[in-house]
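Worksheet for the structure shown next.
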Amino acid sequence: MTLLIGDTAPDFEAETTEGRIRFHDWAGQDWVVFFSHPADFTPVCTTELGYTARLKDELSARGAKALVISIDTVEAHERWSADIERTQGAAVNFPMIADPHRKIASLYNMIHPASDPKLTVRAVYVVDPAKKIRASIVYPPNVGRNFNEIIRLIDALQLTDGHKVATPVNWQAGSDVILQPSLQDPAEIKRSFPDGYREETPYLRFVRISEPS
């Protein structure tokens, strides 16, 4: 199954380290960073889950939370969590899904047989409160992800949801954004951006927005 941006994230039920959940109910009105890791007791995943645990306040400030899945059991997750806390200085503070039969991983296209038929790749889905997939990222099993980029991505999605803008290359929160080309009505521009904008070409117009909406 191929999931694309704009698709509804499939619902599912699963056993996790925080009990059984139904995904859509658990997500509620939050944004969700739903990501897979190849296997428990592996080095790259240990660093990723520890770092994600340290991002809990950053995610919460954006109305977001993390959910992780692998093909291992809840019991294995719980044993591994102790290693993560000891080596990374942060206890895992989000549910870890057990998917030993690969049903959810297959539903979300996290198994790539040409890469490794036994393991999930490092997939990330950003799901909004309407349960729509807003972004997806896929890394090979042997390359760690940049979770700061995922925070930046959520900032950009939330900002562009609230304003008729797009984010330029390497955008960071608080820096200039680009007016959408479809925004042409001078009265609407003035109303939306009373401090004006900087035009480099008729289609490349920059404006500063200090806070995401």
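The values are calculated or read from the model by the stated rules, or taken from the named source; none is laboratory data. Bear in mind the structure is a predicted one, so any value in this text is a computation, not a measurement. Here the Cβ positions follow ideal geometry from the backbone for every residue, glycine too, while neighbour counts run over all protein chains shown.
Please go through (1) assigned to a helix (DSSP H, G or I); (2) in contact with a helix residue (DSSP H, G or I) (Cβ under 8 Å, 6 or more places away or on another chain); (3) among the basic types (K, R) for R145 and return the number of the only condition it doesn't satisfy.
Single failed check for R145: (1).
How many residues are of a type in the set (S, T, N, Q) and surrounded by 13 or more Cβ atoms within 10 Å (Cβ to Cβ) if we restrict to segment 2-16?
Residues that pass the stated criteria total 1.
Residue by residue through segment 37-73, note down the ones that are closer than 11 Å to A90 by Cβ and of a type in the set (K, R).
Within segment 37-73, R54, K56 meet the criteria.
Looking at segment 17-45 only, could you name the residues that are within 19 Å of P141 (Cβ to Cβ) and surrounded by fewer than 19 Cβ atoms within 10 Å (Cβ to Cβ)?
Within segment 17-45, A39, F41, T42, P43, V44 meet the criteria.
On the basis of being modelled with pLDDT under 95, surrounded by 17 or more Cβ atoms within 10 Å (Cβ to Cβ), touching a helix residue (DSSP H, G or I) at 6+ places or on another chain (Cβ under 7 Å) and among the hydrophobic types (A, V, I, L, M, F, W, C), does I111 make the cut?
yes
For segment 123-150, which residues satisfy the criterion of being in the same structural domain as A53 (by TED's automatic domain parsing) and within 12 Å of F34 (Cβ to Cβ)?
If the condition is that a residue be in the same structural domain as A53 (by TED's automatic domain parsing) and within 12 Å of F34 (Cβ to Cβ), then A123, V124, Y125, V126, V127, D128, K131, I133, R134, A135, S136, I137 are the ones that fit.
Pairs under 6 Å by beta carbon, first residue under 20 Å from G174 (Cβ atoms) in segment 186-208, partner of a type in the set (S, T, Y), six or more apart or different chains?
Close Cβ pairs (under 6 Å, with a partner that is of a type in the set (S, T, Y)) amount to R205/Y197; V207/Y197.
Look at A66 and say whether it is in contact with a Lys or Arg (Cβ under 8 Å, 6 or more places away or on another chain) and not in a loop (DSSP other than H, G, I, E, B).
Values: in contact with a Lys or Arg (Cβ under 8 Å, 6 or more places away or on another chain): yes; not in a loop (DSSP other than H, G, I, E, B): yes.
So A66 passes the test.
Filter segment 29-84 for residues that are farther than 21 Å from D128 by Cα and among the basic types (K, R); which is nearest to the chain's Cα centre (by Cα)?
Once the filter is applied, the top-ranked residue is R54.
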